Every structure is written in C-alpha cells, then in structure tokens.
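The values are calculated or read from the model by the stated rules, or taken from the named source; none is laboratory data. All values derive from a computational prediction rather than experimental measurement. Every residue, glycine among them, receives a Cβ derived from its backbone with ideal geometry; neighbour counts consider all protein chains shown. Heads up: the accessible areas ignore ligands, DNA and RNA and are worked out on the full protein's heavy atoms, side chains in. Shrake-Rupley method; radii C 1.70, N 1.55, O 1.52, S 1.80 Å.
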Amino acid sequence: MFGKKAGTEELEAFYPIRPECVAEIPKTRFKPRAGKTLSARRWQAAFSETGCLDIAKVLRRIQRGGIHPSIKGLVWEFLLGCYNPNSTLEDRNQLRQQRRERYSMWKTECRNMVSVIGRGNFITTPIITDDGQPIEVEGCRVTSAVSDKKVAQWMLILHQFGLDVVRTDRALAFYEDKANQAKLWDVLSIYSWVDDDIGYVQGMNDICSPMRENFRCSTTSIGVQSQLGTLSQVIKTVDPQLHKHLEDLDGGEYLFAFRMLMVLFRREFSFLDALYLWETGNVGNGVQP
Amino acid sequence: MAHRVDHEYDYLFKIVLIGDSGVGKSNILSRFTRNEFCLESKSTIGVEFATRTVQVEGKTVKAQIWDTAGQERYRAITSAYYRGAVGALLVYDITKRQTFDNVQRWLRELRDHADSNIVLMMAGNKSDLNHLRSVSEEDGHAVAEKEGLSFLETSALEATNIEKAFQTILNEIYHIVSKKALAAQEAAASASIPGQGTTINVGDESGNTKTACCST
C-alpha cells in the first residue's frame with residue numbers, strides 16, 4: 001500500500017498541485033505501467049546514432065500506455081509534428097534555434113505595440129475603447145489612438161486573455177506564480193497576433209496550458225458545432241435509446257458535450273489524465289511515421 | 001424512479017445568464033442552484049446548465065438556467081442559447097466599468113436574438129467589493145429605469161440578492177404566463193364549445209396568429 005501511494009505522489013511531483021486544491025480536482029488515474037508506458041530509457045533507445053527517431057516503435061508504446069511524465073515535453077514535440085522523426089539532432093537544434101528567434105521577433109513586434117508583453121505581467125481590463133482610443137491601464141500604456149483594424153482588434157481581445165489566464169489550472173502550483181501566468185498570457189497574445197484568422201476562443205487557454213512553448217505547432221479546431229452533429233449521428237446509430245432519451249430531455253443538440261469537445265476533456269479529467277488521453281488519442285495526428 | 005422527477009413541476013422556465021466575461025455569471029448560477037461559490041472558478045466553455053425547482057404562488061416552477069461563455073465569439077456558435085428563453089439575467093461587475101458600459105451591447109444582442117417578451121433583469125454583481133467599486137448603484141438604477149429593466153446589486157460570494165433576483169424574474173414570468181392562461185380560458189368560455197374540457201391551443205403568438213395587416 002505504501003508503495004502504491006508513493007508511486008502516485010512521485011507522479012504528481014511532475015505537475016505539483018497546490019495542497020489546498022487537492023480535494024477539489026479530479027483524481028489522476030494514469031499510472032505508468034512497466035513494459036507499456038514509454039519510459040525515458042525506451043525513448044532514448046529509439047534514436048539512431050545521428051539522432052533519427054524510430055517513431056513507429058514509439059507510437060505503438062504510447063498508444064498502449066502513454067508517456068512517462070518525465071519525458072512528456074520531449075516526446076510531445078514529435079507528436080505535435082514540430083519535428084520530422086527522420087531529422088537529425090543537428091537539424092532539430094537548428095530548427096529550434098530558428099523558431100526561438102522567430103518567436104522572439106514576434107514578441108518584440110507585439111511588445112512595440114503593447115509594452116507589457118514579455119515583461120512578466122499582464123492586463124485584465126481593456127487598453128483601448130471600441131473605436132481605438134487609449135484607455136489608461138496601470139503598467140500598460142497605448143500612446144496614441146489606434147486606427148489599423150488588425151491592431152485594434154488584437155488590442156481589444158488582450159484583456160480577455162488576462163481574465164482567462166487567472167482562471168486557468170489554478171490548482172497547479174505552477175500558476176501560483178504570476179510570472180508563469182504572464183508566460184501563458186504572452187503565448188496567447190502573440191499567437192493571436194500571428195494567427196489572426198483563428199485569434200482566440202475562450203478555452204484555448206486550457207489547451208495551451210499544457211504545451212505553452214509548443215502552442216504554435218498545434219492546431220485548434222473551432223468546428224465544434226459540426227462535431228456535435230457528428231456525435232449526435234454516432235449516438236443515434238450506436239445507441240438509439242440513449243439518443244431518444246437525450247432528445248426527450250431536450251438535449252438532442254448535444255450542447256452538453258460542447259465543452260468536452262472544445263477543450264478535449266481537459267475539464268473532465270485531471271491534468272495528467274488529460275495529457276494521457278491526448279497522447280494516446282492524438283498520436284499520429286501530427287506525425288507521419 | 002428517476003424519470004418521474006422530471007414531471008413533478010407545473011412550469012418549466014428557461015432563463016439565460018448573459019454579460020461580459022468574468023462578471024460572475026457561473027458563480028451566480030452555482031449560488032442559486034447549489035448554494036455554492038467557488039473562488040477558483042474557471043472560464044465557461046460554450047454552455048452549461050443547471051436547474052432548481054422553486055415555489056411561485058403555490059405552483060412548482062422548475063427554473064432551467066443556461067450559463068454561457070462571456071466572449072462575444074461564442075454567440076454565433078451557441079445559437080440555441082436564446083431559443084425558448086423566457087427570462088434573462090444581464091450581469092455586470094460593479095468593479096469594472098467596461099462591463100457596465102457593455103450592457104447596451106447585450107441589450108442589442110437580446111433584441112436581435114431573444115423573444116421580444118423576454119423578462120429581463122439587470123444585476124450589478126460583486127457588491128461585496130464595495131471598496132473597488134467603479135459603477136455607482138445610482139448609475140445602475142438610471143440605466144435600468146431608462147431601459148425598463150428590473151435591477152438589483154448582487155453578491156454571489158456573500159449570497160446577497162441572488163435568491164431575490166431569480167425570484168423576481170420567475171414571479172414576473174409566472175404572472176405573464178398565468179395571465180395568458182386566463183385569457184385563453186376566457187376566450188375558450190366565450191367561444192361556446194360547451195361540455196368540452198379539453199385543452200385549447202392558443203397557438204404561438206409569434207407564429208400563425210399573424211394576420212396579413214403588414215403585407216400590403
């Protein structure tokens with residue numbers, strides 16, 4: 001019994017939970033299983049001498065038992081398609097360097113418009129009015145009226161990130177530190193500037209939180225409405241009685257499942273379990289073995 | 001039996017919660033339906049629902065309350081949100097001026113999407129944060145009066161006026177509904193179909209009762 005308990009605690013140490021929040025959040029069910037879960041040792045063994053990855057071998061394992069928390073970040077870079085498995089270590093180092101530089105360039109571009117970006121702080125109230133007039137906000141000043149439509153639209157959404165960032169994964173000790181909240185805010189701000197087609201939908205913070213650095217690589221689907229339609233069709237076929245029951249309860253539109261699909265079950269499971277679900281379920285979405 | 005529970009009410013009223021992001025809609029909902037308040041609450045994704053059954057003038061009324069994400073972008077996605085809603089609680093945060101200024105925007109939204117007879121109430125939430133106040137109660141009253149809304153300042157944290165806000169909405173809806181029912185009875189009585197105790201369908205006012213007065 002002691003051994004089991006120690007095992008869970010060890011696991012939680014990778015993503016520490018604030019002690020006062022432990023009771024309120026879903027319990028983690030994921031447990032690394034010997035021979036099934038991708039371990040650090042297996043991971044390292046999957047690389048050739050030049051650093052090419054035998055992705056097929058790794059994927060099989062992940063599908064069976066997920067990834068050990070100690071190497072999640074490294075493996076996820078491949079799962080999300082940031083790197084071609086056939087690339088060499090040298091290729092990847094170069095690519096990483098390039099991406100960091102590009103990110104830093106974007107950051108500078110954003111900071112030139114809104115000084116608070118990249119400074120360990122963020123805003124939760126609007127900094128301009130709907131018609132582009134600056135609003136004075138402590139620690140963040142827009143110096144003149146904004147006329148460019150893209151800039152104005154971006155500035156108008158920045159405080160929304162702030163409102164959501166303070167409400168993201170509050171149970172994680174990581175986000176107790178305001179500087180870390182600010183990092184998430186930076187990523188969301190910069191992402192919405194660079195990809196203004198997608199911009200921001202509430203919930204992206206939940207998706208982004210586990211992957212902060214890799215967010216640029218991932219894609220967020222806004223087609224939830226059509227997914228709900230698909231879900232409805234599937235249930236209707238697979239379990240007509242359940243579908244009928246839901247319709248009787250006026251839930252035939254499956255709106256109750258909106259959040260589950262929108263943030264990919266982040267809210268239904270613990271942090272670790274959601275990652276486990278994503279890595280087993282999304283395996284192959286970003287990679288070509 | 002669980003399935004019986006659903007029929008143990010006289011009326012089912014759908015009420016929507018609207019207002020800017022972070023004004024406390026979800027906590028108002030949880031305070032009213034579960035008597036809970038969560039300081040650590042998360043942003044709402046899409047729509048969430050909760051119900052509570054209350055007594056209104058001797059009748060059992062089930063309030064089905066819909067809570068939604070405050071971000072404007074979600075409006076388009078959740079088109080079902082306003083459908084069938086007979087009441088709305090429009091919430092702003094008394095410590096954030098902009099959320100109060102946006103009340104106009106929400107009213108416009110309601111005019112565009114909700115039934116024109118929807119019962120509306122405005123709530124200035126977070127009244128416990130009086131020291132951070134940036135909207136005076138008078139300003140709230142002034143806007144409410146101008147727009148013809150009922151108005152209360154509320155605190156989901158301290159459970160102030162939450163009951164009262166929903167009770168006010170539900171009472172008002174009930175009065176409208178029972179007045180309609182009464183009118184229907186009178187219409188039925190004068191329509192001289194004696195001995196027939198069956199239901200008279202008064203029809204949906206927005207539907208086929210429309211006459212051709214505007215078509216010319």
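What the Cβ-Cβ distance of residue B:40 and residue A:48 gives, at R0 = 45 Å and to the nearest 0.05, is a FRET efficiency of 0.45.
In the complete set of protein chains, residue-level accessible area for residue B:37 is approximately 70 Å², probe 1.4 angstrom.
Remark: mean inter-chain Cβ contacts per residue of B:44-53 equal 5, using a 10 Å Cβ-Cβ cutoff to other protein chain atoms. The alpha carbon centroids of segment B:15-56 and segment A:29-67 are separated by 43 Å. Charge dipole (Cα centre; +1 on Lys/Arg Cβ, -1 on Asp/Glu Cβ; no other charges) of chain A amounts to roughly 1220 debye. Within straight-line reach of residue A:178, meaning a Cα separation under 20 Å, sit the following lysines at least 8 residues removed in sequence or on another chain: A:107, B:42.
When each of the peptides B:120-130, B:144-154, A:99-109 is scored by how many other beta carbons lie within 10 Å of its residues on average, the order from highest to lowest is B:120-130, B:144-154, A:99-109. Surface calculation, 1.4 Å probe, protein heavy atoms: residue B:177 sits at approximately 40 Å² accessible. Considering only the other residues whose Cβ falls under 12 Å of the Cβ of residue B:65, what net charge follows from Lys and Arg at +1 and Asp and Glu at -1? Taking every Cβ under 12 Å from that of residue B:65, the sum is +4.
A dipole drawn for the protein assembly as shown from +1 and -1 charges on Cβ atoms has a positive end, and of A:160, A:22, A:32 the residue lying farthest that way is A:32. A Förster radius of 25 Å, combined with the Cβ-Cβ distance separating residue A:18 from residue B:158, puts the computed FRET efficiency at roughly 0.55.
With the convex hull of its Cα atoms as the shape, segment B:1-132 has an orientation-averaged projected area of 9.4 nm².
Cα extents for segment A:89-206 along the principal axes, largest to smallest and rounded to whole angstrom: 49, 34, 25.
Working note: Karplus 6.51/-1.76/1.60 with θ = phi - 60° gives segment B:26-39 the couplings 5, 6, 4, 4, 5, 5, 6, 8, 10, 6, 10, 9, 10, 5 Hz, where Gly and Pro are set to x.
Can you sort B:31, B:73 by 1.4 Å-probe accessible area, starting with the largest?
B:73, B:31
Within the accessible area of chain A, the carbon and sulfur atoms contribute 52%, probe 1.4 Å, all protein chains present.
If you take each beta carbon of peptide A:141-150 and count the beta carbons of other chains within 10 angstrom, what is the mean? All intermediate terms of the calculation are to be shown ahead of the outcome.
Working: counts 0, 0, 0, 0, 0, 0, 0, 0, 0, 0.
Taking all residues of A:141-150 together, the mean is 0.
Using a Förster distance of 60 angstrom, determine the FRET efficiency expected from the C-beta separation of residue A:60 and residue B:184, and round it to 0.05. Each step should come with its number before you reach the end.
Working: r = 67 Å, r/R0 = 1.12.
Efficiency at R0 = 60 Å is approximately 0.35.
Looking at the calculated P(r) for segment A:1-87, what percent of the C-alpha pair distances fall above 22 Å? Everything past 22 Å amounts to 36 percent. Here the sum of -39500 (n - 2.57) over DSSP H runs of 4 or more residues, divided by the residues of chain A, equals -15000 deg cm²/dmol at 222 nm, to the nearest 500.
Once you charge only the Cβ atoms, +1 for Lys and Arg and -1 for Asp and Glu, what is the size of the charge dipole of the protein assembly as shown about its Cα centre, to the nearest 20 debye? Around 1900 debye, computed over the protein assembly as shown.
Extension gain for the segment residue B:111 to residue B:138, taken as residue separation times 0.36 nm less the Cα-Cα distance, is 7.3 nm to one decimal.
Sorting B:100-109, A:225-234, B:13-22 by their mean Cβ neighbour count within 10 Å, with the most densely packed peptide first, gives B:13-22, B:100-109, A:225-234.
With Cα atoms as the point set, the protein assembly as shown shows a radius of gyration and Dmax of 26.6, 95 Å. In chain A the Cα-Cα distances spread across 5 Å bins starting at 0 as 1, 5, 10, 13, 14, 14, 14, 12, 8, 5, 3, 1, 0 percent of all pairs. Computed from backbone phi, the HN-Hα couplings of segment B:84-93 come to x, 6, 10, x, 9, 10, 9, 10, 10, 10 Hz, rounded to whole numbers (Karplus: 6.51 cos²θ - 1.76 cosθ + 1.60, θ = phi - 60°; Gly and Pro given as x). Only protein heavy atoms count here; on that basis, with a 1.4 Å probe, residue A:144 has an accessible area of about 70 Å².
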